[in-house]
Structures are given as structure tokens and as C-alpha cells.
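What follows is a set of notes on a single structure, which appears directly below.
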Amino acid sequence: MGKTLFQKVWDRHAVGILPDGSTQLFVGTHLIHEVTSPQAFGMLRDLGLKVAFPSRTFATVDHIVPTDQRTEPFRDSLADAMIKELRKNCSDFGVTFFDIPSGKQGIVHIVGPEQGITQPGTTIACGDSHTSTHGAFGAVAFGIGTSQVRDVLATQTMALSPLKVRKIEVRGKLGPGVYAKDIILHIIRTLGVNGGTGYAYEYCGPTIEGLSLEERMTICNMSIEGGARAGYVNPDEKTFEYLKGRPYSPKGKEWDVAVAEWKKVVSDADAIYDDVKIFEASEIRPTVTWGINPGQGIFIDEAIPSPEQLPEADRASAKEALEFMKFKAGEKLAGQKIQVAFFGSCTNARISDFLEASKFLKGRKVAPGIRAIAVPGSQGVSKICAEMGIDKIFREAGFDWREAGCSMCLGMNPDQLVGDEICASSSNRNFKGRQGSPTGRTLLMSPVMVVAAAVTGKVSDARLVFAKS
Amino acid sequence: MSLSPIAQVTGRGVVVAGDDIDTDRIIPARYMRCITFDGLGEYLFRDVRQTPEGKSTNHPIDDPKYKGATILISGMNFGCGSSREHAPQAIARAGFKAVIAGGFAEIFFGNSTTLGLPCATATRKDLTALMSLIQKDPTTLVTIDVEKLHVTAGPLSFPVSLKTSAQQGLLSGRYDAIADLLANLPKVKELAGRIPSATAS
Ligand code: SF4
């Protein structure tokens, strides 16, 4: 009987079974950032413990770091204190820190792959739910809480119970103007925001295989929004090609050994899955959310559903969403005025996102009165965008081009919505208050749709807006 | 770390109705700008407890009739979204000892268990009955029996579920895994030798 990648990686990293019946799982690579780690280091100090394997932990600053100021002290004294705390913790405990002057700083889920730290067949943990992003490389990656960050620092292990595996097969060809973001928004909408509870999602099938690594990251990133604890894609030649030559990738003879190992972790053809779901790519259209959770989405040419049309379990939440968003059932999202366009986050702020969008943005202008900001996911992305002239296209169009960080994805820094502004956003969460204003309204969509909204000043079908380009 | 076992939690309840209450709602990111968890209780549900102008919205947490409640009662998929431990920390630091809901997001559940905050799952039907009972008579004492996986409240008595490992951990006082993890460090070191790590060259 064959095994899935998840089972192979789990078995290989299991230290043993703990008294409560859970598994002690070894964490191959641990990533940390400034918001969820300081308390963990504090607990470590209280317990008089050291970091067990400092070379397996990597740190960067992303959540709170300002994107418009790079000299310290930062205007926000709390942000300043949090970053200094991380710097001190890394130096006290011997952890590698991709600090601002390193040129490698950025959103932790973009930095890991970019540096070649994210590798197939390993386990990755980070005190951030979107750690699932790293699954795009065939790693099993878990978002964890701060006490678990402490556990991983102190022991390089954590207590966890195994997951079931749901195979999500996507087949067929995506239509023009339909992107990885639309695939995952569609999957979440179909399977529900808690449909993945207890599962790891294995994304596979010809459509997924046809995606670039960056696109696969967009899909794995949002696994958590579907309730799954992890999401992954089996590694293939594209994965190896992406990793080859990156700073932390194996080199020389070690590279060949690593690739041979990575090929072995791929799910067996006769692997048994706990569940299988199949999606047809051709049925997916550009998707935009209208509500307050990522499952409340519709195709751009559909109307907002009325709660009565939805399954009973979803009605209360839909009602609450309509009230909060100030939308009416039956209305279309297309044509809704926006005030802010946010291009960024670990879902969609990689080079391919900026490159694709820049093709359409070139020569166009952000509509008057729209606040549009573009935030590269890392200093690495920023540098390449500058080399390719992509930043210039965004600037000339009227986007505010920022330094790397999470920015308005969660509004922990000054990049926030004001009042009940509507934001066309390439990020992953549309929860009430997510973008920094308790009444702010977030519409999730693909980066190209964000650009279409920015230039028209309203939610628009990018396929129509950019029809002639 | 040997902690006291948690076999039973008794207290008054507060109903925070609604499904999919996410961790951004439980503790908005703006209040996570801190390097300790101290004082987080104050910001529990902050954005829904106050209007942007700072006026009280009469959220159940601030409703005098629920004052002193130690058991939080909510709907389906409670704690979804961000993995921030700040969420269960805020709940615990606001004085809560347990949560009863229709279901929990996994990371939230794990984080809560580690803090010794049991998260019991009830069926929709039992939950609805419990909610209306508590709304009608907030002085009703609610008891969660962690061993028997059972809740009693006034005339109500119904089963709840809790992942076995969490239940075992709570009952044995080993819900914080650190001691058990540390005990196996020699074995961990041996395994580490076989698992490649990312190194710069
Ligand atoms: S970009 Fe957004 S989702 Fe990603 S790590 Fe930062 S805050 Fe979290």
C-alpha cells in the first residue's frame, strides 16, 4: 500500500509518541518573526533553556515593520521595540536574522523559499498560520502558536496529532485572466472555510502541475483559509529548478543527493487518501469575495447570493456579512466603487505577481482619488522589480511603491484602512477589522484584478478592462 | 512542567453568538504590538466592544448581567484565522477558564489546550439550548466535566467532545508538552543527525 507525501514526511520526523497520545514531531526548519516570537524567548529565559538547534531557526521582520521608513528609531515606538527585541533574541541565542540591512528581509513565507531554506520532504514550523505556503515545495509546514514556538526553540520538536489527507485534484486548462488565486478562492468557497478541519490538502492534477512554484505558493498559502492545517504540492522538476543555486540550497554533490531524496518523498501512485475532491479548471472564473470570510466569494459576473439561497449553516454568517459590507443580495460586485487598492502580502507579492500585473498596468493610471499601494513581499522581490523596471511602471501609474513587509494585509503598522473604506486586496483575509480599521471592508481577489480595480476605481472584470492590451 | 490537572470547570457563562469568530475579532492585530502577553485580556474582542468613537456597543463581554462569567460560549468554527496565541491568551487573561462552541479551528484549539483552557465542542442543538438558557438566566452555573466529556447547566445535560490527546493532557496536568518534549532530547539529537538542515554555502 502506497503512502502520501504527508505520511512519509511525518513518519520520518516522528520522534515518538507522547504520554497524551500525540506525536513528538521533529521540525526540520523553524522560521520566526517579530510578533509571535518575543513571548516564546521570554518563556525560554524564564525556564532557563537554550535554543537546541540554533542553525535550524531563521528570523526576519515583516508584520510590524514600517514600509515607508527604514531608518531607526521607527516612528511607532512599539514597532521599534519589537524589532530591537527580535534582534537581541537572535543575537543572544545564535539565530540567523535576515535583518533590514541584510537585503534579505521580507515576509517570512516569501523569504524562506527565496533563500532556498524551504526544501522538499522536510517539516517546517512558524508562528504564523500562513506557514502552509511552504507546502508548495513538498514540505509539510505548520502554523503554530507562541507556546509551540517556545517548544520548537527549546527542543526542535512539537506535540502534534497526525492529519488526514485530502487529495484536491485540479484538471483542465485555466481560462485567460484566471489565476492561482482564483483557483484557491474557488476551492475554499466550494469546500467551506472549515471544510478542511483535520486535513492536510494535497493539491495535484495537471492544472497544479502546470503552475509555477510562485503560483503553487499562492494556493498552499490559503489552505488555512479552507480550515486545513497544511497544504502541499508534490515536488517535481520545476521545484528542483526553482531551488537550484539559491543561497541555502544544497550545492555540488550534495545537490544530487538531495534531489534523489526529494524524489522519494512524492506521494505514491497507489497512496490511499482519506478523501478526494476534483475540480475542473475551465469552470473557474475570476473570483472576488463579498463577505467577511474567504469562503464568501463569487465569480466576477455573478450576483451576491441572498442568505436564503445558501445552505442553512451559512445563512447567519452571510446576513452578518451583508450588513457589515453594506452590500445587498442580488447586487453585482462588478461596478462597486473602491477607495483603496492593496497589492501585497504573502499570498501575492512575489516577482511573478508584479510582472504579470505590470503588463496590464503599463501606460495606465490609477483612477483619481484611489489610494493604491504596492508592497513587494521581500527585499529580494523589490530588487528584481527595480532591475526589471516594474517598480517604475507601478509608480508612474500612481501606485505608492513601498519597502517589503506585511503592510496592509493586517494593518499592524501605519498602513491601514480608514473608516469603512473598501479595499481591493491581493491578500488572504477579509475578516472584520483585518486591514486595521474596525469597519474597513476587504475584497479579496487576484493581483491583476486589484490592478483592474485600481485603474477603474471600481471592482472590474480584468478580462474586460484589459481586453485590448 | 507538572501542572495541576484540569478535570472539571464550573462557572457562569457568557454567550458571544455567531459562527466563524476569527482570531482577528478575538484580538485585533493592532493590540498585538507587545513583547509580553500581560494585559492582553483588556483587548479581548476590542473592535466589536467599542464603536470607532470609543462608545460601548453593549457587547456581551461588557454586559453587567454576565459579569464574572468564566465560560465563553460561541458558535461554529471558533478561533479560525491567524495562529496568534494572543487570542487564547486574551481569553484566559480576561478571566475565562473554558470555551464551549460548535467547533474550533485547529491551531486555536491546540494553543488553548497548551494554556489549560479546555475547548469543548457541542452539537448545534445542545449549543442552541445552552445559549438560550444562559441568555435567559445568566446566573446558571455551567459545569464541564473533562473526564466524562459532559456539560451540565441547570436542567440541561449533554455530551461534548474534546480531542483525546487534549483530554488526556488536561486530566494528567500535562497539557503543556514542554516537559515531555525535553525528556526526549537525546532521541531528538539522534534523529536530527539524519534530517538535513538548510545551510548557507
Ligand atoms: S502578509 Fe499577511 S498573511 Fe502573510 S504573514 Fe504577513 S500578515 Fe500574515
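The values are calculated or read from the model by the stated rules, or taken from the named source; none is laboratory data. Keep in mind that this is a model prediction, so the values were computed, not measured. Virtual Cβ from ideal backbone geometry, glycine too; neighbours counted across all protein chains shown.
Give the residue that is farthest from the ligand (Cβ to nearest atom), with candidates limited to residues of region A:402-424 that are more than 14 Å from chain B (Cβ to nearest Cβ) and surrounded by 24 or more Cβ atoms within 10 Å (Cβ to Cβ).
Taking region A:402-424 and keeping what is more than 14 Å from chain B (Cβ to nearest Cβ), we get A:402-404, A:422-424.
Still in the list and also surrounded by 24 or more Cβ atoms within 10 Å (Cβ to Cβ): A:404, A:423-424.
Working: A:Ala404: 10, A:Cys423: 13, A:Ala424: 16 Å.
So, considering only residues that are more than 14 Å from chain B (Cβ to nearest Cβ) and surrounded by 24 or more Cβ atoms within 10 Å (Cβ to Cβ), the one farthest from the ligand (Cβ to nearest atom) is A:Ala424.
Condition check ((1) assigned to a helix (DSSP H, G or I); (2) modelled with pLDDT under 95; (3) surrounded by fewer than 16 Cβ atoms within 10 Å (Cβ to Cβ)) across all residues:
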{"position": "B:Val9", "(1), (2), (3)": "no, no, no"}
{"position": "B:Arg30", "(1), (2), (3)": "yes, yes, no"}
{"position": "B:Ile35", "(1), (2), (3)": "no, yes, no"}
{"position": "B:Asp47", "(1), (2), (3)": "yes, yes, no"}
{"position": "B:Glu53", "(1), (2), (3)": "no, yes, yes"}
{"position": "B:Ile61", "(1), (2), (3)": "yes, no, no"}
{"position": "B:Ala69", "(1), (2), (3)": "no, no, no"}
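Let me spell it out: the conditions are (1) away from the ligand (no atom under 16 Å from the Cβ); (2) within 15 Å of A:Ile338 (Cα to Cα); (3) out of contact with any helix residue (DSSP H, G or I) (no Cβ under 8 Å at 6 or more places or on another chain); (4) not hydroxyl-bearing (Ser, Thr, Tyr), and A:Asp461 meets all of them except one. Which number is the exception?
(3)
Assess whether A:Phe26 counts as being in contact with a Leu (Cβ under 6 Å, 6 or more places away or on another chain), within 10 Å of chain B (Cβ to nearest Cβ) and more than 16 Å from the ligand (Cβ to nearest atom). Write out each step before concluding.
On the way: in contact with a Leu (Cβ under 6 Å, 6 or more places away or on another chain): yes; within 10 Å of chain B (Cβ to nearest Cβ): yes; more than 16 Å from the ligand (Cβ to nearest atom): yes.
Considered against the rule, which asks whether it is in contact with a Leu (Cβ under 6 Å, 6 or more places away or on another chain), within 10 Å of chain B (Cβ to nearest Cβ) and more than 16 Å from the ligand (Cβ to nearest atom), A:Phe26 comes out as yes.
If you check A:Arg402 against the conditions, is it in the same structural domain as A:Ser446 (by TED's automatic domain parsing) and more than 22 Å from the chain's Cα centre (by Cα)? Can you show your working first?
Details: in the same structural domain as A:Ser446 (by TED's automatic domain parsing): yes; more than 22 Å from the chain's Cα centre (by Cα): no.
No.
Quick one: in region A:351-362, which of the residues that are aliphatic (A, V, I, L, M) and surrounded by fewer than 24 Cβ atoms within 10 Å (Cβ to Cβ) is farthest from the ligand (Cβ to nearest atom)? First the steps, then the outcome.
If we filter region A:351-362 for residues that are aliphatic (A, V, I, L, M), which is where we start, we get A:351, A:355, A:357, A:361.
Now restrict to residues that are surrounded by fewer than 24 Cβ atoms within 10 Å (Cβ to Cβ): A:351, A:355.
Details: A:Ile351: 16, A:Leu355: 19 Å.
Only one residue tops the list, namely A:Leu355.
Residues to consider are B:Ala198, B:Ala179, B:Ala183, B:Ala166; find the one that is more than 7 Å from every other protein chain (Cβ to nearest Cβ) and at pLDDT below 95.
Just a single option satisfies the conditions, and that option is B:Ala179.
For B:Ser161, which of the numbered conditions (1) of a type in the set (Gly, Ala, Ser); (2) more than 14 Å from chain A (Cβ to nearest Cβ); (3) surrounded by fewer than 21 Cβ atoms within 10 Å (Cβ to Cβ) fails to hold?
It is condition (2) that B:Ser161 fails.
Of all the residues that make up region B:103-126, how many are assigned to a helix (DSSP H, G or I) and either buried (at least 24 other Cβ atoms within 10 Å of the Cβ) or facing chain A (nearest Cβ under 10 Å) (or both)? Show your work before the answer.
Narrowing region B:103-126 to residues assigned to a helix (DSSP H, G or I): B:106-114, B:124-126.
If we keep only those that are either buried (at least 24 other Cβ atoms within 10 Å of the Cβ) or facing chain A (nearest Cβ under 10 Å) (or both) as well, we get B:106-114, B:124.
Qualifying residue count for the region: 10.
Considering (1) charged (D, E, K, R); (2) more than 11 Å from every other protein chain (Cβ to nearest Cβ); (3) surrounded by 24 or more Cβ atoms within 10 Å (Cβ to Cβ), say which one A:Asp128 fails and leave the rest.
Result: A:Asp128 passes all but (2).
Among all residue pairs at least 6 apart or on different chains, which show Cβ distances below 7 Å where the first residue, located in region A:290-311, is farther than 12 Å from A:Thr190 by Cα and the second is among the β-branched types (Val, Ile, Thr) and part of a loop (DSSP other than H, G, I, E, B)?
That search, which allows pairs on different chains as well, returns A:Trp290/A:Ile304; A:Asn293/A:Val193.
Of the residues A:Thr60, A:Thr71, A:Thr96, only one is in contact with a Lys or Arg (Cβ under 9 Å, 6 or more places away or on another chain) and assigned by TED's automatic domain parsing to the domain that holds A:Pro247; which?
Numbers: A:Thr71 fails: in contact with a Lys or Arg (Cβ under 9 Å, 6 or more places away or on another chain); A:Thr96 fails: in contact with a Lys or Arg (Cβ under 9 Å, 6 or more places away or on another chain).
Only one candidate passes the filter, namely A:Thr60.
Every residue in region A:327-350 that is surrounded by fewer than 24 Cβ atoms within 10 Å (Cβ to Cβ) and either within 16 Å of the ligand (Cβ to nearest atom) or assigned to a strand (DSSP E or B) (or both), please.
A:Lys332, A:Lys337 - these are the residues of region A:327-350 that are surrounded by fewer than 24 Cβ atoms within 10 Å (Cβ to Cβ) and either within 16 Å of the ligand (Cβ to nearest atom) or assigned to a strand (DSSP E or B) (or both).
Looking only at region A:341-361, count how many residues are under 12 Å from A:Ser407 (Cβ atoms) and among the aliphatic types (A, V, I, L, M). Lay out the reasoning, then the answer.
Just the residues of region A:341-361 that are under 12 Å from A:Ser407 (Cβ atoms), to begin with: A:342-346, A:349.
Pick out the ones that are also among the aliphatic types (A, V, I, L, M) and you get A:349.
Qualifying residue count for the region: 1.
For region B:122-143, state whether one or more residues are of a type in the set (S, T, N, Q), out of contact with any strand residue (DSSP E or B) (no Cβ under 8 Å at 6 or more places or on another chain), within 30 Å of A:Thr29 (Cα to Cα) and free of Cβ contacts under 8 Å to residues at least 24 places away in the same chain. Let's see the steps before the verdict.
At the first step, the residues of region B:122-143 found to be of a type in the set (S, T, N, Q) are B:123, B:128, B:132, B:135, B:139-140, B:143.
Now narrow it down to the ones that are out of contact with any strand residue (DSSP E or B) (no Cβ under 8 Å at 6 or more places or on another chain): B:128, B:132.
From what's left, within 30 Å of A:Thr29 (Cα to Cα): none.
For region B:122-143, residues of a type in the set (S, T, N, Q), out of contact with any strand residue (DSSP E or B) (no Cβ under 8 Å at 6 or more places or on another chain), within 30 Å of A:Thr29 (Cα to Cα) and free of Cβ contacts under 8 Å to residues at least 24 places away in the same chain: absent.
Which members of region A:374-401 meet the condition of being β-branched (Val, Ile, Thr), away from the ligand (no atom under 11 Å from the Cβ) and touching a residue at least 60 places away in the same chain (Cβ under 8 Å)?
Just the residues of region A:374-401 that are β-branched (Val, Ile, Thr), to begin with: A:375, A:381, A:384, A:390, A:393.
Retained after the next criterion (residues that are away from the ligand (no atom under 11 Å from the Cβ)): A:381, A:384, A:390, A:393.
Listed by number, the list holds a single entry, A:Val381.
Return the pair list, or none, for Cβ contacts closer than 7 Å from residues in region B:106-118 that are in contact (Cβ under 8 Å) with a residue 40 or more places away in the chain and closer than 18 Å to A:Gly226 by Cβ to residues that are part of a helix (DSSP H, G or I) and not charged (D, E, K, R), at least 6 apart or on different chains.
Pairs found: B:Phe108/B:Thr23; B:Phe108/B:Ala87; B:Phe108/B:Pro88.
If A:Arg45 passes every condition in (1) under 22 Å from B:Cys34 (Cβ atoms); (2) facing chain B (nearest Cβ under 9 Å) but one, which one does it miss?
In the conditions (1) under 22 Å from B:Cys34 (Cβ atoms); (2) facing chain B (nearest Cβ under 9 Å), A:Arg45 misses (2) alone.
So A:Pro101 clears everything in (1) at pLDDT 95 or above; (2) more than 16 Å from the ligand (Cβ to nearest atom); (3) buried (at least 20 other Cβ atoms within 10 Å of the Cβ) except one condition, right? Which one?
A:Pro101 satisfies every listed condition except (3).
Is there a residue in region A:150-168 that is surrounded by 24 or more Cβ atoms within 10 Å (Cβ to Cβ) and within 15 Å of the ligand (Cβ to nearest atom)?
no
Just checking, how many residues over region B:91-102 are buried (at least 24 other Cβ atoms within 10 Å of the Cβ) and either within 7 Å of chain A (Cβ to nearest Cβ) or not in a helix (DSSP H, G or I) (or both)? Spell out the reasoning first.
Let us first name the residues in region B:91-102 that are buried (at least 24 other Cβ atoms within 10 Å of the Cβ), namely B:91, B:98-101.
Retained after the next criterion (residues that are either within 7 Å of chain A (Cβ to nearest Cβ) or not in a helix (DSSP H, G or I) (or both)): B:98-101.
So the answer is 4.
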